[in-house]
Ligand SMILES: [Zn+2]
């Protein structure tokens, strides 16, 4: 005997078999019992919630000669006829033929009386996919439907259906299947199939199918065919090409706890096991949504689940910002030739966003170390201040200093030389240590160079912070390539245009830039955003010039 997919095998045979759509079924049954049949119905709702199944049951029942209890009998002449010859129940999938032709054919045949049945029933699946021409043809038929014709239009996207059509249909809204009902259905199927699947697995299938019965039963079918007694959660996620929530939680934890090593290993793992990185972005977004739901609606999740989500101490502002970054990544990653690197850059950006304070402290520390400047360790500084009379500046000002020095030392010939070898960065794209900064540098370009300083220009504003957080690593990579200890800094494209114009006009007016040594400055935690810097990138100097 050939194998029948579980979903087809357990498709509801009559209204009483249907799960999850009590209201819809009740109304349809009553309309049959009371003989109040419309000529056009619209079944609206998510995929796999029973629209087509119910449409077929309705088509059979409405034709049955003994349907006084609202179900077809299966024994009368009509039921038996339809069993062998269902030419009067016509299914059209608008998704596969959005065709005017199809609907025109309906129009030409619709006047003919049914071959065997009382009613000719047209079931048009995914009706929102019809072309405008087809909708117009359909509308003409709906305006004057013959008495023996019933249209059932099914859709997952009601908003794409013209109002002129909607207004002629009796509308039914299908709901996602309740998880308890779904669970019971899956359990029942397991019993009938004589398969033992643990409740935990069935619960997970229920959760993953998100209210779609077809998806749930198909997934159960796959799980059964694994013929493995101890199916793990990960295997079930694998079947769907997804990553388990447990893993996504671990990944988010690495972001929150600033554990780059853990996160990088997970990313490697996603890639080597062939996971779609965009799916990971989606899963992160779902997790963030669940966390904020758990924070705001205490009864939304079961206690166990809630506890897991509430272990994350993320403010709504941070969640909002992370969501923005992830959506940006999601739109960028599909266009990228090197998805892994882009994903890693954004991963670091997320860490930076969540751990702003910690990160800035580290930066201040590190930048200070590189340049032998003092940093704002309060107790130590007071003393050092008196001794060295060093100037305290924030990271933005530090950036200004470097940008200034880039211009002071700028050398056109050197720029050409540096740019000639710039593509050697490509050699580091697959390098374990430098791959992410290499990818970062390749998305920008060097616009000012000297034998001491390099100024990078980035189209993408968000990369400025990533760059500033990775200065040390960038400088090491550049040393590998050029064998020169460059000091680097970066600007956005808007800033660059403005700076360049300023530089040109200052040169014309014989206003020169003065070199600012980095040895006698202190870097303190940044308070201003980089946007504020744009208008005043040279601080007091610019004010003096203007
Ligand atoms: Zn019958």
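Here, each number is a calculation from the coordinates, and none is a lab measurement. Predicted, not measured: the structure shown is a model, and the values here were computed from it. No Cβ is skipped: glycine too gets one built from the backbone with ideal geometry, and neighbour counts run over all protein chains shown.
Computed over the stretch 191-278, the percent of Cα pairs more than 19 Å apart is 47.
Express the C-alpha Rg of the chain as a ratio against the empirical globular expectation 2.2 N^0.38 Å, rounded to two decimals.
Details: Rg = 33.1 Å, N = 546, 2.2 N^0.38 = 24.1 Å.
Expressed relative to 2.2 N^0.38 Å, the Cα Rg reads 1.37.
Of all DSSP bridge pairs formed entirely within the chain, close to 15 percent run antiparallel.
Report, as a whole number in µm² per second, the diffusion coefficient that Stokes-Einstein gives for the stretch 230-304 at 10 °C and 1.306 mPa s using the Kirkwood radius over alpha carbon pairs. Answer, rounded: 118 µm²/s. Under the simplified labelling scheme, the residue 494-residue 234 pair shows an inter-label distance of 4.6 nm, with each label point 7 Å from Cα along Cα→Cβ. Sketch the reach of a paramagnetic label on residue 503 as a point 7 Å from Cα along Cα-to-Cβ, and name the residues of the stretch 428-449 whose backbone nitrogen lies under 18 Å away. Inside the label zone: 444-449.
Please list the equivalent ellipsoid semi-axes of the stretch 245-354, computed as the square roots of five times the alpha-carbon gyration tensor eigenvalues, in descending order and whole angstrom. Walk me through the intermediate numbers first.
Working: eigenvalues 115, 41, 34 Å².
Working from the Cα gyration tensor, I get semi-axes of 24, 14, 13 Å.
Dividing the summed helix terms, -39500 (n - 2.57) for each DSSP H run of n ≥ 4, by the number of residues in the chain produces a 222 nm estimate of -17000 deg cm²/dmol to the nearest 500.
Protection proxy ranking for 350-356, 74-80, using the average of other Cβ atoms within 10 Å per residue and placing the highest first: 350-356, 74-80.
In whole percent, what relative contact order does the chain give with Cα contacts below 8 Å and a gap of six or more residues?
Values: 704 pairs, mean separation 60.6, N = 546.
Relative contact order here is 11 percent.
What number results when the radius of gyration of the stretch 414-484, computed over Cα atoms, is divided by 2.2 N^0.38 Å? Don't skip to the end; give the middle numbers.
On the way: Rg = 11.3 Å, N = 71, 2.2 N^0.38 = 11.1 Å.
Its radius of gyration relative to the 2.2 N^0.38 Å reference: 1.02.
Expressed as a whole number of Å, what is the distance separating the alpha-carbon centroids of the stretch 392-456 and the stretch 480-505? Comparing the Cα centres of the stretch 480-505 and the stretch 392-456, I get a distance of 7 Å. Hull volume per residue, based on the alpha-carbon atoms of the stretch 6-173 and their convex hull, is 113 Å³. With all pairs of separate Cα atoms included, the stretch 179-239 yields a Kirkwood hydrodynamic radius of 11.3 Å. Remark: C-alpha extents of the stretch 60-154 on the principal axes read 42, 23, 22 Å, sorted largest to smallest. Expressed as a fraction of 2.2 N^0.38 Å, the C-alpha radius of gyration for the stretch 393-524 is 1.04. Per Stokes-Einstein, at 10 °C and 1.306 mPa s, what whole-number D in µm² s⁻¹ belongs to the stretch 1-72, with the Kirkwood radius over Cα pairs as the hydrodynamic radius? The calculation lands on 122 µm²/s. Between residue 113 and residue 310, the simple label model (points 7 Å from Cα in the Cβ direction) yields a spacing of 6.9 nm. For the stretch 228-270, the alpha carbon positions stretch 38, 16, 15 Å along the principal axes, listed from largest to smallest. The distance separating the Cα centre of the stretch 77-133 from that of the stretch 1-65 comes to 16 Å.
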